[in-house]
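Notes for the one structure printed next.
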Amino acid sequence: MPLFGNTFSPKKTPPRKCASLSSLHMLDRSIREIELGLEYDTPTVNLAGHSLKFENGQWVAESESFTGDHREMQRLRKRNQQLQEENNLLQLKVNILLDMVS
């Protein structure tokens with residue numbers, strides 16, 4: 001028997017109602033798009049004045065918005081190539097060292 005009265009007994013929660021009372025989930029895709037107005041467009045991002053579109057799984061610069069310096073692009077491509085070559089060399093060295101250890 002409890003010392004200070006009844007023990008805590010919360011009320012039962014009422015059962016949940018149906019998740020969706022709408023019949024839109026039973027319609028096919030084209031009718032849903034008409035009913036709900038779902039018109040999907042390609043995602044676009046504006047970064048530092050450059051507009052990019054997501055097409056076929058890759059981000060592509062929009063031609064009219066890209067005003068990058070040609071020399072800057074060449075410099076970045078050359079730097080990227082150097083870093084890739086350095087990365088390949090370091091991976092080769094790691095593989096050689098692992099072979100020597102084992």
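What follows draws every value from the coordinates through simple rules; no lab data is involved. Because the structure is a prediction, the values reported are computed rather than measured.
Residues whose amide H lies under 5 Å from that of Ser51, counting only those 5 or more places away or on a different chain, are Glu62; hydrogens are built 1.01 Å from N in the peptide plane. Note on Lys78: aspartates and glutamates with a C-alpha under 14 Å away, same-chain residues under 8 apart excluded, are Glu86. Subtracting the Cα-Cα distance of Asp28 and Leu98 from their residue separation scaled by 0.36 nm leaves 19.5 nm. Here the extension length gained between Gln81 and Lys12 equals 18.2 nm, from 0.36 nm per residue of separation less the Cα-Cα distance.
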